[in-house]
Amino acid sequence: MASIKLNFSRLSVPEKIALTRRIVTRMTGNARFTTPHPPLQVIAQAADDLEEAENIAQAARQEAKAKTTIRNNKEDDLGGALNQAVGYVTSVSGGDEEFIESAGMDLRATPGTSTPPTQPAALSATAGDHDGTMDLSWDPVVEATSYVIEMSPDPPTATSWGHKGVSTKSTFTVPGLTSGARLWFRVAAVNPNGQGPWSDPATKIVP
């Protein structure tokens, strides 16, 4: 004697709906089944109700996915902003613990080093892409987390140097310069253990 194989629990929701509607269609008006139980309209309505609920659930999942994507993007934006803030505080603090903690930031040991970074090498100054700018570049210092840049008019003295900015990369563009002026530049690497020695200065006349 033959037995029926339904495997309902193994079907997806769309497959369950399709199977139900196929059965209802085949049994409707079939002289072999004059008094189906439960009534075919009850079975058909249950399939319709499931389909409606599935559509609502699908829409909710899509909405949740879109909102999760927005949340993740905002999380990345915040992380990027905080990383930039860490670079800034590290640079201007010179590795001073109290200075750093005054910004509300926690301290951590730098793996593999307990001393300030070494001197940056190969500092060069070239004309920037815009009038009144100068592009600086130097060899990266492995143990550095950021760099401090200073500038001096010509000739440089022990007291003529002034702070021009900080950079988390081994490049920096100095803006707002006067054309025709000879200027001197130097850079020092910084990590949580302090500021390293100044580089050999580089000089250039602003074009």
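The values are calculated or read from the model by the stated rules, or taken from the named source; none is laboratory data. All of these numbers come straight from a predicted model, not from anything done at the bench. Cβ atoms come from the backbone with ideal geometry, glycine included; neighbour counts cover every protein chain shown. Just the protein is used for accessible areas: all its heavy atoms, side chains included, with ligands, DNA and RNA removed. Shrake-Rupley method; radii C 1.70, N 1.55, O 1.52, S 1.80 Å.
When residues in the stretch 185-207 are screened for being of a type in the set (A, V, I, L, M, F, W, C), assigned to a strand (DSSP E or B) and under 36 Å from the mean Cα position of the chain (by Cα), 6 of them pass. Does Gln119 satisfy the criteria of being open to solvent by 70 Å² or more (accessible area, probe 1.4 Å) and over 27 Å from the mean Cα position of the chain (by Cα)? Answer is yes for this residue. When the criteria are applied in full, Pro192 fails the requirement of being in contact with a Ser or Thr (Cβ under 6 Å, 6 or more places away or on another chain) and either open to solvent by 70 Å² or more (accessible area, probe 1.4 Å) or at pLDDT 90 or above (or both). Any residue that is closer than 25 Å to Gln84 by Cβ and touching an Asp or Glu at 6+ places or on another chain (Cβ under 6 Å) - is there at least one of those in the stretch 136-144? Within the stretch 136-144, not a single residue is closer than 25 Å to Gln84 by Cβ and touching an Asp or Glu at 6+ places or on another chain (Cβ under 6 Å).
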